[in-house]
Amino acid sequence: MPSTDTPLVRLRDVHLAFGATPVLKGIDLTVGKGQAVSIIGPSGSGKSTILRCLTGLLKPQRGELTVAGTAVHQLHGEAAHRPLRQRVGFVFQQYNLFPHLSVLDNLTVAPRKVLGLPAREAREQALALLAKVRMQHKAAAFPGELSGGQQQRVAIARALAMRPELILFDEVTSALDPEMVGEVLNVIGELTEEGMTCVLVTHEMRFAEGISDQVYFTEHGVIVEHGSAEQLFNHPGEARTQAFLQHALGQPGRRRIPDTYVLRNLSPYHLSV
Amino acid sequence: MANDTLAALVEWAPALLVGLGQNVLISLTAIAAGSAAGLFIGALNFSPLRPLARLWVQVFRNAPWLVLIYFTTYVFPFEVHLFGRYLAFPDWLKVTLGLALPASANVAEILRGAVGSIPATQWEAARSMAFSRAQVFTQVILPQCFTRMLPPWMNLYAIITMGTALASLVGVHDVIDTAQIASNTVNRIPFTVLIYFSLLALFFAWCFPISRLTQRLERRYAFH
Ligand SMILES: Nc1ncnc2c1ncn2[C@@H]1O[C@H](COP(=O)(O)OP(=O)(O)O)[C@@H](O)[C@H]1O
Ligand SMILES: [Mg+2]
């Protein structure tokens, strides 16, 4: 077991290339237990690749990754990754629910088959989690019958059903219609308030600023800059960070966070970018 | 004259239907055996025995069915010695085997195609939930394959039903064989014409609903 002051996630000089194309060029990243860490940056900069490396879906060629006490770079073979993946949830941009299973079964299949939970317990847990993401009324529905925002909330509940120590969110609102972004961000906001350790790749800058303990700005496979949300958003040190933020935040007519998005326990200061 | 022809057809109708029963039996046995074998061989595609599966599929998908039927009919013995007893190995069963071989190769391909058509994101989601490789298949991939496999599988069955017509060439007493006997016995051209039209109608009545159902299913699953 990691002690409380060892970070839950630690990447040291992680390098990954697809063929001859380098995609990660020496990533260093640390996530403390209970922290919410956001990774921002232009698309193609390697953000999703970082998340995939964390659970061994991709294998870096060089560097050290420690996740929840596991030296991920020393794991070999699919089976060796299973204990790690039980403890790390992954929520995808395109939800990736299992279309042949009802919402309830999407939440019970892995706890039953992987964790060995009895059917009744898995079901009760699933219903409680669906209530938490305000989807209990759709327990019997199939994913194809739900809106994008609803599917994504179910996907978050599905990840929670494995009782993870860490959840990775990969642009989970990018595929959603604007009016559904808020309902999903609310759920994530509540999780971070409860102390769930989260790594978020996101383009929702105000949201990232509001909930993150640390923000990393990536570009072309390197971490350009990282720091507290306040520091990175309000006093970025690097010209590239400034340019990116100006582009992401400053454009006139850019979509606002919808009114439905209300995050409690945030000082007004955080919301006034 | 026309009445005579119709009367002869009515007289032969029961024999034709019995013959058709033989075709139905062959087709159902062939698709059942071919599907069981094909699913097994298709599954080998995802194991280290993949080259063996590829070889089986290539050999039996590229062989003319009639050659396979001649092969099973004349190479296999007419009875087999099993546990000290002699079991008859009738011609209709050999024909069934001759049709089941290419059916198995096609089912294996249908399975492979269905697995390949499941988006990579489903694999990634399942793997990230700590499913084992076997569980990814049984819980996530294969259940989604069955609906996708149904239309091409029914299409294959329709083709096999037409292939059962080849059984008459190796002396199986099926509907074609019966029609030939009737035609020779009655020995009148109008009757011969009528009975072969009746054969066409029988096969059409058998295959057309299958093909319509297949199209309906294809359209339905196109939305998923
Ligand atoms: N499986 C892959 N094969 C080859 N190149 C890939 C693959 N996945 C991602 N890439 C490339 O790696 C780079 C980083 O991708 P990604 O991590 O998805 O970026 P981001 O999530 O920041 O948009 C991109 O240029 C992308 O084209
Ligand atoms: Mg990405």
Enumeration of residues in the range B:125-140 that are open to solvent by 30 Å² or more (accessible area, probe 1.4 Å) and facing chain A (nearest Cβ under 8 Å): B:Arg127, B:Arg133, B:Gln135, B:Gln139
Strands (runs of 3 or more DSSP E) enclosed by the range A:1-106 - at least 1 residues per element that are within 16 Å of ligand 2 (Cβ to nearest atom) and more than 14 Å from A:Leu166 (Cβ to Cβ): A:9-18, A:21-31, A:36-40
Count of the range A:112-133 residues which are part of a helix (DSSP H, G or I) and within 19 Å of B:Phe137 (Cβ to Cβ): 2
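Considering A:Ala126, A:Ala175, A:Ala119, A:Ala159, which residue is under 14 Å from A:Ser102 (Cα atoms) and among the aliphatic types (A, V, I, L, M)? Give the derivation first.
Details: A:Ala175 fails: under 14 Å from A:Ser102 (Cα atoms); A:Ala119 fails: under 14 Å from A:Ser102 (Cα atoms); A:Ala159 fails: under 14 Å from A:Ser102 (Cα atoms).
Testing whether each residue is under 14 Å from A:Ser102 (Cα atoms) and among the aliphatic types (A, V, I, L, M) leaves just A:Ala126.
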Residue in the range B:192-199 that is of a type in the set (A, V, I, L, M, F, W, C) and under 21 Å from the mean Cα position of the chain (by Cα) present: yes
Single unsatisfied condition, A:Gly32 versus (1) closer than 30 Å to A:His247 by Cα; (2) within 16 Å of ligand 1 (Cβ to nearest atom): (2)
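Just a yes or no: is a residue in the range A:158-181 among the charged types (D, E, K, R), more than 14 Å from chain B (Cβ to nearest Cβ) and part of a loop (DSSP other than H, G, I, E, B)? First the steps, then the outcome.
Let us first name the residues in the range A:158-181 that are among the charged types (D, E, K, R), namely A:158, A:163, A:165, A:170-171, A:177, A:179.
Then drop every residue that is not more than 14 Å from chain B (Cβ to nearest Cβ), which leaves A:177, A:179.
If we keep only those that are part of a loop (DSSP other than H, G, I, E, B) as well, we get A:177.
Checking the range A:158-181: at least one residue is among the charged types (D, E, K, R), more than 14 Å from chain B (Cβ to nearest Cβ) and part of a loop (DSSP other than H, G, I, E, B).
Here are some residues: A:Ala175, A:Ala140. Which one is within 16 Å of ligand 1 (Cβ to nearest atom) and not acidic (Asp, Glu)?
Details: A:Ala140 fails: within 16 Å of ligand 1 (Cβ to nearest atom).
Residue meeting the stated conditions: A:Ala175.
I'd like to check something: does the range A:234-250 contain any residue that is at pLDDT 95 or above and farther than 12 Å from A:Ile39 by Cα? Even if it seems obvious, please write down each step before you answer.
From the range A:234-250, those at pLDDT 95 or above are none; that's our starting set.
Checking the range A:234-250: not a single residue is at pLDDT 95 or above and farther than 12 Å from A:Ile39 by Cα.
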Within the range B:198-224, considering residues that are of a type in the set (Gly, Ala, Ser) and under 21 Å from B:Met162 (Cβ atoms), the one surrounded by the most Cβ atoms within 10 Å (Cβ to Cβ): B:Ser198
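Among helices (runs of 4 or more DSSP H) lying entirely in the range B:72-163, which contain 3 or more residues that are in contact (Cβ under 8 Å) with a residue 40 or more places away in the chain? Write out each step before concluding.
Working: elements: B:91-117, B:120-128, B:142-163.
Qualifying helices (runs of 4 or more DSSP H): B:91-117, B:142-163.
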Residue within the range B:5-19 that is open to solvent by 80 Å² or more (accessible area, probe 1.4 Å) and more than 30 Å from B:Leu194 (Cα to Cα) present: no
Options B:Thr96, B:Thr73: the member that is in contact with a Lys or Arg (Cβ under 9 Å, 6 or more places away or on another chain) and closer than 27 Å to B:Ile210 by Cβ: B:Thr73
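Quick check, is B:Ile195 open to solvent by 30 Å² or more (accessible area, probe 1.4 Å) and more than 24 Å from A:Ala110 (Cα to Cα)?
Details: open to solvent by 30 Å² or more (accessible area, probe 1.4 Å): no; more than 24 Å from A:Ala110 (Cα to Cα): yes.
Considered against the rule, which asks whether it is open to solvent by 30 Å² or more (accessible area, probe 1.4 Å) and more than 24 Å from A:Ala110 (Cα to Cα), B:Ile195 comes out as no.
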Options B:Pro143, B:Pro152: the member that is within 12 Å of chain A (Cβ to nearest Cβ) and surrounded by fewer than 20 Cβ atoms within 10 Å (Cβ to Cβ): B:Pro143
Test set (1) aliphatic (A, V, I, L, M); (2) within 22 Å of A:Arg52 (Cα to Cα); (3) modelled with pLDDT under 95 - A:Ala157 fails condition number: (3)
The range A:80-136 - residue that is over 20 Å from A:Met196 (Cβ atoms) and among the β-branched types (Val, Ile, Thr) and, of those, surrounded by the most Cβ atoms within 10 Å (Cβ to Cβ): A:Val103
Residue that is open to solvent by 10 Å² or more (accessible area, probe 1.4 Å) and either under 17 Å from the mean Cα position of the chain (by Cα) or more than 10 Å from ligand 1 (Cβ to nearest atom) (or both), where the choices are A:Thr49, A:Thr55: A:Thr49
Test: residue in the range B:43-54 that is closer than 18 Å to B:Pro151 by Cα, at pLDDT 95 or above and either open to solvent by 70 Å² or more (accessible area, probe 1.4 Å) or within 13 Å of the chain's Cα centre (by Cα) (or both): no
Given (1) surrounded by 19 or more Cβ atoms within 10 Å (Cβ to Cβ); (2) at pLDDT 95 or above, number of the condition B:Lys94 does not satisfy: (2)
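Is it fair to say A:Ser3 is modelled with pLDDT under 95, within 9 Å of ligand 1 (Cβ to nearest atom), open to solvent by 10 Å² or more (accessible area, probe 1.4 Å) and of a type in the set (S, T, N, Q)?
On the way: modelled with pLDDT under 95: yes; within 9 Å of ligand 1 (Cβ to nearest atom): no; open to solvent by 10 Å² or more (accessible area, probe 1.4 Å): yes; of a type in the set (S, T, N, Q): yes.
So A:Ser3 does not fit the description; no.
The values are calculated or read from the model by the stated rules, or taken from the named source; none is laboratory data. Please read these numbers as outputs of a predicted model, since none were measured by experiment. Because the Cβ atoms are built from the backbone with ideal geometry, glycine has one as well, and the counts that use them run over all protein chains shown. We work out accessible area using only protein heavy atoms, side chains counted, and drop any ligands, DNA or RNA first. Shrake-Rupley method; radii C 1.70, N 1.55, O 1.52, S 1.80 Å.
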